[in-house]
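Student: This structure is in structure tokens; I'll ask about it shortly.
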Amino acid sequence: MANPPPILNRPQRWDAAFDPDMSDVNVERLLSIAPFSQMKADNFPARLSLRGILKHDTRIHTYRRGEIIMREGDYGTSAFLVLSGLVRVVLSPGLPASALGRRDSTGKNIFKIIAQACFPRREPESFSLRQLNQDVSTSSRGDETRIFLQDLPRVLDKHRTAIIEGGEFLGEIAALSRMPRTASIFAESDEAELLEIRWQGLRDLMKHDDALRRHIDEIYRDRALASALREIPMFKRLPEEALKGVMAKTEFETYGDYDWSGDYKRLLKSDSRRAPEPAIAEEGDYPNGVILIKAGFGRVSQKFGNGHRTLNYLGAGRIYGLQEIAHNWRNPQTPVSMQYTLRVMGYTHVIKVPTDVMECLVLPNVPAGDLPPLITPAREEESVMPVAVDAAEMMGADMLEFLTENRLFNGTASMLINLDRCTRCDDCVRACAAAHDGNPRFLRHGPVSGKLMVANACMHCVDPVCMIGCPTGAIHRDAFGGEVVINPSTCIGCKACFNNCPYEAIRMVEIRDRQGEILVDKECKPFLKATKCDLCVEQVTGPACQRACPHGALARVNMHDLDAFAEWLKR
């Protein structure tokens with residue numbers, strides 16, 4: 001008789017504590033101060049107790065004056081609560097890139113271009129010591145790397161700032177909604193003490209404590225909701241009073257796995273692309289609200305045979321459910337249910353405007369000509385999502401599924417190669433190397449569907465999970481026009497971006513001096529730096545790979561523009 005399979009323990013929520021050294025004494029202290037002292041422990045289930053959340057999902061930091069707590073433009077996975085001392089937030093305009101550990105957004109001048117062409121660097125990944133000098137002051141404390149502002153009085157003189165005192169939350173909106181930090185914050189006191197709460201713990205605290213949830217929701221409404229709604233045409237025209245009414249009833253929801261890239265990479269290794277995709281709304285449901293995608297992506301599908309077929313994917317700023325609600329409002333005699341299913345792909349943060357709010361406050365203010373068409377039996381088989389039918393037909397169902405299963409919709413500058421035209425001459429690789437001092441920044445390799453290859457080159461993603469967890473801000477995007485770049489002088493080789501990137505577009509390399517000698521630290525371990533495609537941001541002529549292809553086989557394409565992608569495929 002065959003032996004029974006081994007019994008394995010399921011991974012649990014708190015297998016890995018945020019701070020393994022978080023003591024019971026510190027937990028008791030937290031329970032004695034607001035807002036935790038005002039929370040009712042009985043409202044929390046036994047498996048997610050208030051004490052357990054504070055024990056496993058928080059950690060306490062002490063910052064010195066001038067030490068940066070968070071940087072504008074970073075993607076953070078946690079929020080902060082000021083326990084004691086003072087912190088200072090830099091108001092618009094923010095700090096310069098160099099003060100945050102980032103590259104300055106300056107291109108190559110004519111002399112550097114000539115030097116690059118006439119005196120190519122021979123040693124791979126070589127730097128001068130001047131290039132590796134830190135732009136900002138850094139220090140290490142245990143396994144943490146901290147960034148300091150070098151000249152605090154000068155910073156205060158040149159920028160508008162505001163003081164935040166104990167008891168205030170910082171970064172909660174960015175942590176929950178997967179949006180970049182909107183301001184830089186640094187310690188004002190010599191011993192500013194802050195509690196860091198990872199997003200899972202903040203989510204659970206809000207779920208079981210109504211007061212905290214209302215507080216965070218009000219912060220969201222005050223700071224972010226109005227601008228988010230005003231980006232949508234039908235809300236942009238609303239009278240101020242109507243907009244306030246919409247904001248008062250709007251709901252915020254998050255779905256899926258915040259750290260989806262790790263699970264996705266494991267799926268790739270197991271030759272399976274299909275991950276669990278929670279449903280936000282399903283075909284046949286009652287239309288109970290318009291859903292605005294604020295961060296992340298959703299898959300739109302429709303029943304087909306015994307399964308579903310993918311019709312489209314929705315990213316930030318896209319809407320689901322408007323046509324059904326508008327139809328029922330205009331034609332209540334023949335109401336319809338949801339025509340499509342919307343599922344989460346990875347992690348998605350949404351804003352939901354309930355149906356009654358749409359019918360009372362929004363739709364009456366939308367000109368009749370701007371309303372979506374009524375749903376008729378003849379139209380029910382058509383996609384009413386914001387993707388052109390011609391584009392979908394030109395791509396084909398298999399191509400749309402390929403893009404979706406490989407998460408390629410994330411890219412704003414994906415490197416696409418037409419394998420029928422590509423002669424494998426490697427001119428693109430040589431041009432990339434020439435533009436980056438002899439070091440190519442991509443691999444002419446990647447997932448393939450038919451004649452299309454998507455190369456392992458940085459796609460400069462809409463949702464750049466590679467930026468999550470960078471301790472020094474070396475990988476960033478806000479200093480340029482949306483390109484994700486790395487500052488070699490502040491990259492410490494921690495591999496956070498390398499491990500997070502789901503597309504194998506970042507590599508860790510050993511760096512050398514001008515003589516070709518590998519640089520090592522005091523323990524004789526080689527220095528590692530992260531490298532990737534930067535879309536040739538310093539080159540006045542744009543991406544060298546695309547410019548060098550002699551056969552027009554290579555293009556950098558924004559995968560949100562499916563019409564442009566379909567046209568390129570057709571060519």
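Student: Restricting to segment 326-377, and then to whatever is among the small types (Gly, Ala, Ser) and open to solvent by less than 60 Å² (accessible area, probe 1.4 Å), can you tell me which residue is modelled with the lowest pLDDT?
Tutor: In this case the residue turns out to be 346.
Student: Modelled with pLDDT of 85 or more and surrounded by 17 or more Cβ atoms within 10 Å (Cβ to Cβ) - does that describe any residue in segment 253-268?
Tutor: no
Student: Go through segment 218-252 and give me each residue that's in contact (Cβ under 8 Å) with a residue 24 or more places away in the chain, among the polar types (S, T, N, Q) and open to solvent by 30 Å² or more (accessible area, probe 1.4 Å).
Tutor: Residues satisfying the conditions do not exist here.
Student: Could you list, ordered by first residue, the pairs with Cβ atoms under 9 Å in which the first is in segment 343-355 and of a type in the set (S, T, N, Q) and the second is in a helix (DSSP H, G or I), at least 6 apart or interchain?
Tutor: Qualifying pairs under 9 Å: 355/325; 355/328; 355/329.
Student: Starting from residues that are out of contact with any strand residue (DSSP E or B) (no Cβ under 8 Å at 6 or more places or on another chain), part of a loop (DSSP other than H, G, I, E, B) and not acidic (Asp, Glu), keep the ones in segment 395-429 and report whichever is surrounded by the fewest Cβ atoms within 10 Å (Cβ to Cβ).
Tutor: 424
Student: If I go through segment 525-571 residue by residue, how many of them are surrounded by 15 or more Cβ atoms within 10 Å (Cβ to Cβ) and not in a strand (DSSP E or B)?
Tutor: Residues flagged as surrounded by 15 or more Cβ atoms within 10 Å (Cβ to Cβ) and not in a strand (DSSP E or B) within segment 525-571 amount to 25.
Student: Does residue 505 count as open to solvent by less than 30 Å² (accessible area, probe 1.4 Å) and either free of Cβ contacts under 8 Å to residues at least 24 places away in the same chain or assigned to a strand (DSSP E or B) (or both)? Even if it seems obvious, please write down each step before you answer.
Tutor: Values: open to solvent by less than 30 Å² (accessible area, probe 1.4 Å): yes; either free of Cβ contacts under 8 Å to residues at least 24 places away in the same chain or assigned to a strand (DSSP E or B) (or both): no.
It is false that residue 505 is open to solvent by less than 30 Å² (accessible area, probe 1.4 Å) and either free of Cβ contacts under 8 Å to residues at least 24 places away in the same chain or assigned to a strand (DSSP E or B) (or both).
Student: On the basis of being at pLDDT 85 or above, surrounded by 16 or more Cβ atoms within 10 Å (Cβ to Cβ), not in a loop (DSSP other than H, G, I, E, B) and not hydroxyl-bearing (Ser, Thr, Tyr), does residue 434 make the cut?
Tutor: On the way: at pLDDT 85 or above: yes; surrounded by 16 or more Cβ atoms within 10 Å (Cβ to Cβ): yes; not in a loop (DSSP other than H, G, I, E, B): yes; not hydroxyl-bearing (Ser, Thr, Tyr): yes.
The answer is yes for residue 434.
Student: Those residues that are modelled with pLDDT under 85, open to solvent by less than 30 Å² (accessible area, probe 1.4 Å) and among the small types (Gly, Ala, Ser), I need them from segment 67-93; list them, please.
Tutor: Residues satisfying the conditions are 73, 76.
Every residue, every condition in (1) surrounded by fewer than 16 Cβ atoms within 10 Å (Cβ to Cβ); (2) in a loop (DSSP other than H, G, I, E, B), yes or no:
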{"residue": "163", "(1), (2)": "yes, no"}
{"residue": "167", "(1), (2)": "yes, yes"}
{"residue": "174", "(1), (2)": "no, no"}
{"residue": "180", "(1), (2)": "no, yes"}
{"residue": "194", "(1), (2)": "no, no"}
{"residue": "202", "(1), (2)": "no, no"}
{"residue": "206", "(1), (2)": "no, no"}
{"residue": "213", "(1), (2)": "yes, no"}
{"residue": "216", "(1), (2)": "no, no"}
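Student: I'm trying to understand the selection: among the residues of segment 188-216, which are farther than 14 Å from residue 175 by Cβ and either at pLDDT below 85 or under 24 Å from the mean Cα position of the chain (by Cα) (or both)?
Tutor: 207, 213
Student: So which strands (runs of 3 or more DSSP E) are wholly in segment 275-325 and hold at least 2 residues that are at pLDDT below 90 and open to solvent by 20 Å² or more (accessible area, probe 1.4 Å)?
Tutor: Where strands (runs of 3 or more DSSP E) fall fully within segment 275-325 and carry at least 2 residues being at pLDDT below 90 and open to solvent by 20 Å² or more (accessible area, probe 1.4 Å), they are 289-304, 307-314.
Student: Out of 357, 350, I need the residue that is of a type in the set (A, V, I, L, M) and either under 27 Å from residue 560 (Cα atoms) or in a loop (DSSP other than H, G, I, E, B) (or both). Which one?
Tutor: The conditions single out 350.
Student: Let me ask you something else. Could you check how many residues of segment 437-464 are in a loop (DSSP other than H, G, I, E, B) and either at pLDDT 85 or above or open to solvent by less than 20 Å² (accessible area, probe 1.4 Å) (or both)?
Tutor: Residues that pass the stated criteria total 17.
Student: For segment 157-169, does any single residue satisfy the condition of being without any contact (Cβ under 8 Å) to a residue 24 or more places away in the chain and more than 21 Å from residue 251 (Cα to Cα)? Reasoning before the result, please.
Tutor: Taking segment 157-169 first, the residues without any contact (Cβ under 8 Å) to a residue 24 or more places away in the chain are 157-158.
If we keep only those that are more than 21 Å from residue 251 (Cα to Cα) too, we end up with 157-158.
Taking every residue of segment 157-169 in turn, at least one turns out to be without any contact (Cβ under 8 Å) to a residue 24 or more places away in the chain and more than 21 Å from residue 251 (Cα to Cα).
Student: Could you check how many residues of segment 182-191 are surrounded by fewer than 19 Cβ atoms within 10 Å (Cβ to Cβ) and touching a helix residue (DSSP H, G or I) at 6+ places or on another chain (Cβ under 8 Å)?
Tutor: 1
Student: Looking only at residues in segment 23-42 that are modelled with pLDDT of 95 or more and among the β-branched types (Val, Ile, Thr), which one is surrounded by the fewest Cβ atoms within 10 Å (Cβ to Cβ)?
Tutor: Filtering segment 23-42 for residues that are modelled with pLDDT of 95 or more and among the β-branched types (Val, Ile, Thr), the one surrounded by the fewest Cβ atoms within 10 Å (Cβ to Cβ) comes out as 25.
The values are calculated or read from the model by the stated rules, or taken from the named source; none is laboratory data. Keep in mind that what you see is a predicted model, and the values were worked out from it rather than measured. Here the Cβ is made from the backbone with ideal geometry for all residues, glycine too, and neighbour counts use every protein chain on show. For the accessible areas, the whole protein counts, side chains as well, though only heavy atoms, and no ligand, DNA or RNA atoms are used. Shrake-Rupley method; radii C 1.70, N 1.55, O 1.52, S 1.80 Å.
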